[in-house]
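A quick write-up on the structure given underneath.
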């Protein structure tokens, strides 16, 4: 039976087990189970759900774009994201590496369960921020950040809240939940 562990990856942690001399924090600080690996990546400056498993087939289904496994993100953007920008995300945007698949995108309120980020997101009195929920079925490098920037709303904070049916629900940064 496959082992599956969910981790709420904190901000500024590499989504790998070794730092390769960079001096950055890694998954090894939070996971002490040999033989399990992350199914996909989250950038160092992103937070949230990482699925780890010893099942290579599951890793492939989650991480390879051809399987179109949904990944859901909460995104804090600079500015008040509106319907025009959200509609562009829903139809797909063209990035330097080509057009994206259509995403599910909607405006949401800042969640009341959200933990403070360390360090905090930069704050500017003259520029409001807003939140969106975006569901992707592909996983290009820094894709959510590049997509929101392409529609005029740079990402300030990015939190993956779900991978398929697995959700972050109740996991604090650095905490794990064993699924199987």
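Only the coordinates and a few stated rules stand behind these numbers; no lab work does. Small disclaimer: the values here were computed from a predicted structure and weren't measured. Methodologically, a virtual Cβ is constructed for each residue, glycine included, from the backbone with ideal geometry; neighbour enumeration extends over all protein chains shown.
Points to keep in mind about this one:
- Value at 222 nm in deg cm²/dmol, rounded to 500, when DSSP H runs of n ≥ 4 in the chain each add -39,500 (n - 2.57): -4000 deg cm²/dmol
- Taking 4 °C and 1.567 mPa s as conditions, segment 3-143 diffuses translationally at an estimated 77 µm²/s according to Stokes-Einstein applied to its Kirkwood radius (Cα pairs).
- Ranked by how many other beta carbons lie within 10 Å on average, peptides 91-104, 1-14 from highest: 1-14, 91-104
- Take the Kirkwood radius over Cα pairs of segment 95-177, plug it into Stokes-Einstein at 25 °C and 0.890 mPa s, and you get 166 µm²/s for translational diffusion.
- Among beta bridges from DSSP that stay inside segment 1-149, the antiparallel ones total about 95%.
- Our summary gives segment 4-178 a relative contact order of 32 percent, counting only alpha carbon pairs under 8 angstrom and 6 or more residues apart.
- Contact order relative to length of segment 58-136, as percent, for alpha carbon pairs under 8 angstrom and 6 or more apart: 43 percent
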